Amino acid sequence: MITETTSGNRGLLQAEALIFESGHATGTGVDLPAPKGTPNKLGGLGRKAALDLPGFSEPETMRHYVRLSQKNYAIDLGLFPLGSCTMKHNPRLNERAARFEGFADLHPLQPTSTIQGALELMEELAHWLCTLTGMPAVALSPKAGAHGEFCGMLAIKAALEAKGEGHRKRVLVPHSAHGTNPATAVAAGFIVDEIEGDEDGRVDLADVTAKLGPDVAAIMITNPNTCGLFEPDIKKIADAVHAAGAYFYCDGANYNAIVGKVRPGDLGIDAMHINLHKTFSTPHGGGGPGAGPTVLSEALAPFAPLPLIVIDKTGGKHQLAFAEHVEELAGTGKKPFGRMCAFHGQMGMFTRALAYMMSHGSDGLRQVAEDAVLNANYLLARLRPHFNAPFGERPCMHEVLLDDSSIKPKGVETIDMAKALLDEGYHPFTTYFPLVVHGAMLIEPTETEPKRELDRFADVMIALAERVNAGDVEFFKQAPKLTPMRRLDDTRAARQPKLRWKRGDNASAAKHAAE
Ligand SMILES: *Cc1c(COP(=O)(O)O)cnc(C)c1O
């Protein structure tokens with residue numbers, strides 16, 4: 001904690017303890033008489049010891065969360081350079097649309113006759129996603145990118161089983177892949193086989209061809225890839241994969257770089273998730289809420305999961321087809337593999353994403369990709385003279401990949417740069433990802449940053465590089481000095497996580513932080 005002031009506050013930034021430490025279990029924000037004459041129905045299983053929950057009045061609760069929120073970094077506060085995460089501005093228009101009561105106040109179990117507008121919105125969103133990607137079908141229900149990957153891999157599994165090829169178990173995944181790709185393949189019951197990258201940071205076509213075989217179910221490739229580069233051999237890879245009887249899963253997390261410019265369907269992709277919370281500006285961070293609709297090719301479309309939106313032939317009304325309708329789907333060629341979640345997906349995110357699409361229009365969405373790539377290349381051009389940029393001789397897509405090879409010999413590593421950025425008032429870039437580049441610093445400015453903001457950020461990065469050159473290593477090792485918590489022991493936190501809080505626990509943490 002901050003030690004200079006008596007209160008622990010720092011100017012307008014209030015020190016704030018955990019809610020458990022400051023609340024009183026006996027306090028409460030409500031004033032209701034205890035219920036009288038209600039028989040205890042717990043059969044003797046009632047809790048004996050105190051529950052030790054915090055108790056706060058309404059104003060104390062407000063202050064607690066506002067103080068916490070002011071310790072947080074937010075896209076509304078400044079540039080959020082977190083690579084691969086596409087932290088772009090969340091337009092207020094989206095928020096307005098999401099709050100319309102006809103969308104916001106629905107219950108998932110309402111009769112479909114009362115939610116026609118919401119179903120129409122889902123249909124419209126599906127139409128935009130299919131048109132943009134050049135794919136015939138989309139499953140809207142996956143609740144995040146990783147969940148969309150799972151959906152795509154389950155569709156591939158169902159398609160293989162329908163062909164009597166359930167023995168195909170191997171899935172090829174490049175070394176540079178996001179960790180969710182191999183995790184998804186394993187969760188869906190496949191075995192991961194790693195493929196090499198070439199010197200230019202791209203998938204090695206020769207290695208792909210060599211590894212294809214009659215036991216290969218699919219390949220999972222990110223395009224543009226996690227090094228921020230477009231895979232030029234993507235069509236050749238797709239052809240080779242299909243010739244070998246396998247399917248092509250594309251991780252669409254980097255779709256922001258190509259939206260409106262390239263249709264994944266034209267590249268021979270069979271399934272791809274779209275992170276609405278990345279490309280289509282729905283707010284995310286801190287674990288949610290995400291939405292990962294998954295587009296499917298002709299070959300996989302029949303296996304799309306339930307629920308399906310179907311138009312009832314008699315009344316022209318939208319209906320939702322669930323498990324109980326599976327028999328009615330017989331003869332339609334549809335063979336849903338199951339379902340991804342309880343209801344229909346993230347309605348609030350659907351509304352925001354569609355508002356974003358419609359306010360941009362198709363020309364505006366193309367410009368999103370163009371400006372995202374332009375902004376990244378502007379940063380690359382400004383930062384390249386001061387940092388090592390692997391693959392940086394050529395233009396990048398929407399992300400700038402730097403590493404610490406030029407500063408490490410002087411005693412400063414990627415982690416130290418990231419901590420120094422915290423003191424400078426920035427959320428750090430993505431550190432040590434992709435794993436194929438040692439000491440990676442992955443920066444994604446997105447199209448929503450004006451040149452002024454890009455310059456502010458570049459000036460800070462350059463000033464830090466100059467500080468490294470001046471030999472001020474201690475400055476970096478001490479960082480962050482100005483944050484509520486100083487440098488934490490990440491390794492210990494990962495190896496010995498404390499998953500339960502006990503009263504009195506935090507006193508030592510606060511002391512540790514003050515040191
Ligand atoms: C973000 C991301 C994912 C996972 O998406 P979530 O919505 O976080 O589950 C997968 N792959 C890549 C390359 C990503 O950047």
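The values are calculated or read from the model by the stated rules, or taken from the named source; none is laboratory data. Predicted, not measured: the structure shown is a model, and the values here were computed from it. Glycine gets a Cβ as well: all are built from the backbone with ideal geometry, and neighbour counts include every protein chain shown. The accessibility values were calculated without ligands, DNA or RNA, using every heavy atom of the protein model including side chains. Shrake-Rupley method; radii C 1.70, N 1.55, O 1.52, S 1.80 Å.
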Based on what the data block shows, is H24 over 30 Å from G439 (Cα atoms) and either open to solvent by 100 Å² or more (accessible area, probe 1.4 Å) or within 16 Å of the ligand (Cβ to nearest atom) (or both)?
yes
How many residues of region 257-266 are surrounded by 20 or more Cβ atoms within 10 Å (Cβ to Cβ) and part of a loop (DSSP other than H, G, I, E, B)? The answer is 2
How many residues are over 19 Å from the mean Cα position of the chain (by Cα) and touching a residue at least 60 places away in the same chain (Cβ under 8 Å) if we restrict to region 433-448?
2
Residues being within 15 Å of the ligand (Cβ to nearest atom), within 16 Å of Y247 (Cβ to Cβ) and either open to solvent by 50 Å² or more (accessible area, probe 1.4 Å) or not in a strand (DSSP E or B) (or both): count how many of those fall in region 133-176.
6
Checking I462 against (1) among the aliphatic types (A, V, I, L, M); (2) without any contact (Cβ under 8 Å) to a residue 60 or more places away in the chain; (3) open to solvent by 10 Å² or more (accessible area, probe 1.4 Å): exactly one of these is not met. Which one?
(2)
Inspect region 201-218 for any residue being surrounded by 20 or more Cβ atoms within 10 Å (Cβ to Cβ), of a type in the set (A, V, I, L, M, F, W, C), within 16 Å of the ligand (Cβ to nearest atom) and over 24 Å from V437 (Cβ atoms) and give the result as yes or no.
yes
Can you tell which of N225, N254 is assigned to a helix (DSSP H, G or I) and closer than 28 Å to N375 by Cα?
N254
Restricting attention to region 318-361, report how many residues are of a type in the set (G, A, S), closer than 20 Å to W128 by Cβ and surrounded by fewer than 18 Cβ atoms within 10 Å (Cβ to Cβ).
2
Please enumerate the residues belonging to region 240-251 that are more than 14 Å from the ligand (Cβ to nearest atom) and in a strand (DSSP E or B).
Y247, F248
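Could you grab me the full set of residues in region 177-207 that are in a loop (DSSP other than H, G, I, E, B) and touching a residue at least 24 places away in the same chain (Cβ under 8 Å)? Write out each step before concluding.
Initially, region 177-207 is screened for residues in a loop (DSSP other than H, G, I, E, B), giving 177-179, 188-190, 196, 198-202, 204.
Passing the criteria: A177, H178, A188, G189, F190, D200, G201, R202.
Restrict the check to region 38-50 and report whether at least one residue is in contact (Cβ under 8 Å) with a residue 12 or more places away in the chain and surrounded by 10 or more Cβ atoms within 10 Å (Cβ to Cβ). Show your work before the answer.
Just the residues of region 38-50 that are in contact (Cβ under 8 Å) with a residue 12 or more places away in the chain, to begin with: 50.
Filter once more, so that each one left must be surrounded by 10 or more Cβ atoms within 10 Å (Cβ to Cβ): none.
No, region 38-50 has no match at all.
Scan I269, I237 and give me the residue that is open to solvent by less than 20 Å² (accessible area, probe 1.4 Å), in a helix (DSSP H, G or I) and over 14 Å from H398 (Cβ atoms).
Numbers: I269 fails: in a helix (DSSP H, G or I).
I237 is the lone residue from the list that is open to solvent by less than 20 Å² (accessible area, probe 1.4 Å), in a helix (DSSP H, G or I) and over 14 Å from H398 (Cβ atoms).
Filtering region 74-126 down to residues that are within 16 Å of the ligand (Cβ to nearest atom) and either among the hydrophobic types (A, V, I, L, M, F, W, C) or open to solvent by 70 Å² or more (accessible area, probe 1.4 Å) (or both), which residue is nearest to A418 (Cα to Cα)?
First, the residues of region 74-126 that are within 16 Å of the ligand (Cβ to nearest atom): 75, 80-88, 90.
So of that shortlist, the ones also either among the hydrophobic types (A, V, I, L, M, F, W, C) or open to solvent by 70 Å² or more (accessible area, probe 1.4 Å) (or both) come out as 75, 80, 82, 85, 87.
On the way: I75: 17, F80: 12, L82: 11, C85: 16, M87: 17 Å.
Looking at residues that are within 16 Å of the ligand (Cβ to nearest atom) and either among the hydrophobic types (A, V, I, L, M, F, W, C) or open to solvent by 70 Å² or more (accessible area, probe 1.4 Å) (or both), I get L82.
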